[in-house]
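Quick note: the coordinates plus some simple rules give every number you see, no bench work behind them. What you are looking at is a predicted structure, and each value in this text was computed from that prediction instead of being measured. When we count neighbours, we look across all protein chains shown, and the Cβ atoms used for this are built from the backbone with ideal geometry, even at glycine.
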Amino acid sequence: MVQTTIQPTSTISSRTFIFVTCLLFRLLNAYYTRTYDNPDEYWQGHEVAHELVFGNGYLTWEWREKIRSFLHPITIALAYKVVQLLGLQNTHVLVAAPRYFQATLAAVADVATYTLAKKVIGNDIALSMLFTTLCSWFNFQMAARTLSNSMEMVFTIIALNYWPLPGIVKTTGKSWAYKWIDLAISGGPFTAMFKQRIYTWVVVIYSLLPHKEFRFIFPIVPLMLMIAAYGIQQTGSPRWRKRIMLFLVFTQLPMALYTSIWHQRGVVDVMLWMRSQPRNISVGVLMPCHSTPWYSIIHDNIPMWFLTCEPPLGESNELDEADQFYANPTEFLKTHQKDRLWPTTHLLLFDNLIPKIREYLDKEGYKECQRFFNSHFHDDERRRGDVVLVKQR
């Protein structure tokens, strides 16, 4: 068993170097995050913040019913406000600012994870901890996204740095005395930190929910990575540690790049393309609700509509608008022209829908004008295939 040296203190210069390294990495992370992971990233964050700062943005029913907190969108609104004050709202800076802001917070979380690991385990964990944090594909996929879960992760790991963990007794100044009273029982230094099994409780409780998403457990991912780092550090042979690290690089890097650069990028690319077009356009989105970003990318208040999926608060058996459309696409388009802008200059849809409404599109004078790769696969069959933009002739 490899012995660890518990000496959590580090110089200001070393902490600065670690932070700058993490910051540069996360800014690069944000630059390569070009895909659409979850609707909440835009519709519960960017869109609300854009409405707060610029006065135009779509507020979903939760915001109209006042059942969500503005605390998270306000942080994004601060980034937008800086963009507005600099007069850069009509540049790509508007699109990039929230992710670079979140990437900066993620760098703080990286350093906090590194610091916590040194406090709990010792200096010997430093290199392994930094490696696992920056190498994790899930961290790369999530860190720069403005989801509330990403913000929760940042504050959770910062809070744990100040939490009076069992077995760690704070003394005068910044020094810490470590009393691992359970080492003989547990055989490892994680008893003090995980005596109450924080990670187990989080996974179990979220597993009981009917609606499950991987992002829900993101706040405890740094703790999981500490376990991984400890496992690497405990590998006795430096040669084997190097092999393990190389194996992780070759398995984590492809996943990180694929999920951040390619998987579900078409729904973002098409809105960036629309943003570059003249303002005399109008857009209808024939996709499952919230499949694309909205005014937080387009910015200008051009006429746009999409198929909503607001819960039928009046009648429990009523289908939402998106479900009504997919039940009979052509009939829906024929009977719902009066309750929305019709025709629009452009319609946006996934190409697997085209065979079902091709005849109707031809009749209405629509022809494909742009196509964007979106994904090789998708668990929702309605979202499979390329993103197709059709324009009225």
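Once the cut-off is 19 Å, how many percent of the Cα-Cα pairs in the stretch 266-392 end up in the long-distance tail?
Considering the stretch 266-392, 48 percent of its Cα-Cα pairs are separated by more than 19 Å.
Residue by residue through the stretch 295-304, what is 3J(HN,Hα) from phi via Karplus (6.51 cos²θ - 1.76 cosθ + 1.60, θ = phi - 60°)? Round to whole Hz and write x for glycine and proline.
Values per residue, Gly and Pro as x: 5, 5, 9, 4, 6, 5, 7, 7, x, 9 Hz.
Among 43, 137, 201, what is the fewest-to-most ranking by other Cβ atoms within 10 Å?
Fewest-to-most Cβ neighbours within 10 Å comes out as 201, 137, 43.
Show the residues, 5+ positions off or on another chain, whose built amide H is closer than 5 Å to the amide H of residue 285.
305, 306, 307, 348
Order these by the 10 Å Cβ neighbour count, fewest first: 376, 346, 46.
The fewest-first ordering by Cβ neighbours comes to 376, 346, 46.
When ranked by the protection proxy of mean other Cβ atoms within 10 Å per residue, highest first, what sequence do the peptides 30-39, 365-374, 202-211, 82-91 form?
30-39, 365-374, 82-91, 202-211
Please rank 124, 351, 339, 110, fewest neighbouring Cβ atoms within 10 Å first, as an exposure proxy.
Lowest to highest Cβ neighbour count: 339, 351, 124, 110.
Rounded to the nearest Å, what's the spacing between the alpha carbon centres of the stretch 43-78 and the stretch 211-249? Just the number, please.
35
Please sort by residue number the trypsin sites (Lys or Arg not before Pro) in the stretch 41-101 whose DSSP state is loop and whose Cβ has at most 14 other Cβ atoms within 10 Å.
66
With N residues in the chain, what two-decimal value do you get for its Cα radius of gyration over 2.2 N^0.38 Å?
1.15
Answer with one residue from 113, 257, 35: the one whose Cα lies farthest towards the positive end of the charge dipole of the stretch 12-258, charges on Cβ with Lys, Arg +1 and Asp, Glu -1.
Of the options given, the answer is 113.
Any idea how far apart residue 20 and residue 327 come out in nm if each label point goes 7 Å out from Cα toward Cβ?
Simple spin-label model gives 6.2 nm for this pair.
Give the Rg/Rh ratio for the stretch 65-133, taking Rg as the radius of gyration of the Cα atoms and Rh as the Kirkwood radius, to two decimals.
Using Cα coordinates only, the ratio equals 1.20.
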